[in-house]
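The values are calculated or read from the model by the stated rules, or taken from the named source; none is laboratory data. Because the structure is predicted, anything quoted here is derived from the model rather than measured. With ideal geometry, Cβ positions are generated from the backbone for all residues, glycine too; neighbour counts draw on all protein chains shown. Only protein heavy atoms, including side chains, enter the accessible area calculation; ligands, DNA and RNA are left aside. Shrake-Rupley method; radii C 1.70, N 1.55, O 1.52, S 1.80 Å.
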Amino acid sequence: MRQIPGRYHTRIGAVLLIASLVACEATRGTDADVPAGPAWTREYQIFVYGQPPLSYLKAVSGTGIAWSVFHGGVNDAQLAYTRELQAEGIRVASNFPTMQGSPTVMAADPAASDPDFLRRTATQDLAGEPALAMWLQPEPPYLPSHNDPEWQDFLKRRAAEHARGGVDALHIDEVEGVGGHLYLFGFDPDSIVAFRSHMKGLFSAARLRDTFGITDIDSFDYRAYLNGAGARSLGDDPNADLRREFVRFQLLSRRAQLADLIRHTREVAGREVGFAGNAVNLGPQYQVQATVLDFLVYEVMLPLPPQGRLVALHRLGYHLLRKGVTAAFPNIINLRDMVESGRDWSTIAMRFAEAWAAQQSFLLPHNAYVFGGGLTTVTGPATVPEDVIGPMAAFAWGRRDLREARWLAKVGLVYSFKTSLDEFLDMGYALSYTTTGHHNAFLSAGEQLQSEHIPFDVVYAGDEAVIPRRLRAADLDRFEVLVVPPGTTFAEEDRAALDEFERVGGRIVSTLSASDAGGWAVLGDLPSTITVTMAEPSSGDLVAHFVNYDYDRDAGQFRTTPASAISLPLPEGHTGCPDAQFKTPDGESRIIAARVASGRLEISLPPFSVYGLLICTKGA
């Protein structure tokens, strides 16, 4: 087997320490030793990208910024900006690049004087060449190895610097680490050593031999093995089980590295510094890392409506972070198209409303990156106009109590992390933006339920080891029907819980129409381009969010919805109301007649443009 170069012998102790943490992660599968961050990260926030002026933040009801200061190091101007915002009660999450090995991120760190540092700490391809982040142009930086001890120590110094700068949180870009770039990379010596330890810690000698074909784990070199097999990439590994375990290792080693970084930063800072990350599409490779983070931004492709209904995605984030805040953000391609068209910004108000109707947030772009527009800087041309987003944001902030309202749904849409991760291990390493078949089927099922006007919630099932969250009777008792996308697999305990759900009268289906939803759909002549979600705040009132997806692409505006006679299911114990209130972000408020018939609330829904909130006061 190929020998590890001599310069790495002194590094093996540090590499094996991380490898031992990875083995612990793989067998333990939880992150209880990473305490939850500050309480504000679990409260409703309206985030804005970058470094907007205070006047803009006030105009859009912004309560926090992310991907913001200190990308290139702490400096006086951004320190003053941070203090200005915090004096107004605005949270600051810095821009903390952990996978960009460029001089711009080195700041005044001692490693900046070492001309070989970035090349030396980069991950490598199968030929041993350092990796470049080619999507960052015109001068691609190196792509670091999160398993490299020198890079890990560098990040700890930079994180401590950000914390000393007084930020409320650090926002980590490319949170998936090398695990999102295994199409060509991930084969640096530190990763090879750590993978060897990972395998040795998890599997017996017999299992290593019979399943993975490894007869001598102490000398096993995965890169040498792949080269000996004539592989051009990870996908060419003739042993699918070994390839899958390498992908799993890279994801778990990144999580172990992040957990170590978070613990170290909080210890050095002596306070609860929050940690966030960018989780593209909330794919399974990002869910692994989310378990150690306090809140998430998820960059997502947002097609122009009526396409792309994302309540399921927002509720997935809600349950993944155990009611933590997640904020959607337009993909850089979306932002480029909006800048070029100059007229589709109103769809951001609708996407904000959609996230709000799912009890989640939205990261508003201000001078944000666009595709092909200078990605190595921290500014760009994409800014949602104040007058477009201001009314919707102010409306949501004024009713932020609804973030804590009890979600009303008798239909559960099941997401299986086990299925999604298994599919990613099989093929998802091909690209960091990859989503799996199960992930896409789950989103499609959510869109179908939205178009049928069936209020639903997400049921999150983990796997046996990486995110071992089990389905419990208490999780399922509140549902009458579970929608499980075809091809979904479960851990044995979860399968038993689902069998028990059916035994006591629950239904499990692969698709569901309004006529078969057991009376829990919103009925009437409501257009399919309107989505409804329902909740019950602590007051005991019934509230219903209505979001309009009927966008005229030629005119660049939303068509006003027609008046609709509808009936909504009433939650248990709610007797309805003789009159209901219907409010819209433009300040309009109407009193509309309501009556109760057969346990349902019947109303005539007024016309509206993008969003409306119905309030039926309990006992009125």
Surface accessible to a 1.4 Å probe, LYS323 within the full protein complex, Å² | 130
Lysines near LYS200 by alpha-carbon distance under 27 Å, same-chain residues fewer than 8 away left out - which ones?
-> LYS418
C-alpha center-to-center spacing [segment 54-130, segment 455-512] in angstrom | 41
May I ask you to evaluate 6.51 cos²θ - 1.76 cosθ + 1.60, the Karplus curve with θ = phi - 60°, for each residue of segment 65-81 and list the ³J(HN,Hα) values in order in whole Hz, giving x for glycine and proline?
-> 10, 9, 6, 10, 7, 6, 3, x, x, 6, 9, 4, 5, 6, 4, 5, 4
Honestly segment 143-193 on the Cα gyration tensor test (a ≥ b ≥ c root eigenvalues; a/c under 1.5 rounded, otherwise a/b vs b/c for prolate or oblate) is just oblate
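Remind me, relative contact order of the chain in percent, using alpha carbon pairs under 8 angstrom and six or more residues apart?
13
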Distance between segment 157-193 and segment 285-302 - C-alpha centres, whole angstrom = 14
Label-point gap, in nm, between ASP401 and ARG553 - each point 7 angstrom along Cα→Cβ | 4.2
Relative to the longest principal axis of the chain, what angle (0 to 90°, nearest 10) does the C-alpha long axis of helix 417-427 take?
-> 50
What shape does segment 473-520 have by the C-alpha gyration tensor, where a ≥ b ≥ c are the square roots of the eigenvalues, rounded means a/c under 1.5, and otherwise prolate means a/b greater than b/c and oblate the rest?
-> oblate
Heavy atoms only, probe 1.4 angstrom, no DNA, RNA or ligands counted: give me THR575, THR529 ranked by accessible area, highest first.
-> THR575, THR529
Taking a 1.4 Å probe, which of GLU464, GLU150 shows the most accessible area, and what order do the others take after it?
-> GLU464, GLU150
Could you tell me the accessible area of GLU452 in Å² (1.4 Å probe, neighbours in place), rounded to the nearest ten?
-> 60
Which aspartates and glutamates have a Cα less than 14 Å from the Cα of LYS618, not counting those fewer than 8 places away in the same chain?
-> GLU536, ASP541, GLU572, ASP579
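Give me the net charge for the shell around THR215: Cβ to Cβ below 14 angstrom, other residues only, Lys and Arg +1, Asp and Glu -1. It would help to have the intermediate numbers written out before the result.
On the way: positive: ARG196, LYS200, ARG207, ARG209; negative: ASP210, ASP216, ASP218, ASP221.
Result for the local shell: 0.
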Provide the solvent-accessible area of TYR460, counting protein heavy atoms only and rolling a 1.4 Å probe, rounded to the nearest 10 Å².
-> 20
Probe 1.4 Å, heavy atoms of protein chains only: per residue, the accessible area of segment 186-303 in Å² is 30
Fraction of accessible area attributable to carbon and sulfur, the chain (%, probe 1.4 Å) = 52
With every protein chain kept in place and a 1.4 Å probe, the residues LYS583, LYS418 fall, from largest accessible area down, as LYS583, LYS418
In nm, what is the difference between 0.36 nm times the number of residues separating GLU340 and SER604 and their Cα-Cα distance?
-> 91.1 nm
SER204 versus ALA160, label points 7 Å from Cα toward the beta carbon: distance in nm?
-> 4.5
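Compute the Cα gyration tensor for segment 102-242, then decide on rounded, prolate or oblate, letting a ≥ b ≥ c be the square roots of its eigenvalues: rounded whenever a/c is under 1.5, prolate when a/b is larger than b/c in the other cases, and oblate in all that remain. Please report the intermediate quantities before stating the final value.
Numbers: a/c = 2.43, a/b = 1.83, b/c = 1.33.
Note, shape of segment 102-242 comes out prolate.
Using a Förster distance of 51 Å, how high is the FRET efficiency between HIS319 and ASP116, based on the Cβ-Cβ distance and rounded to 0.05? Can you show the working numbers first?
Working: r = 45 Å, r/R0 = 0.89.
Once the sixth-power term is evaluated, E becomes 0.70.
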Could you give the length gained on full extension between GLU267 and LYS58, defined as 0.36 nm per residue of separation minus the Cα-Cα distance, in nm?
-> 71.9 nm
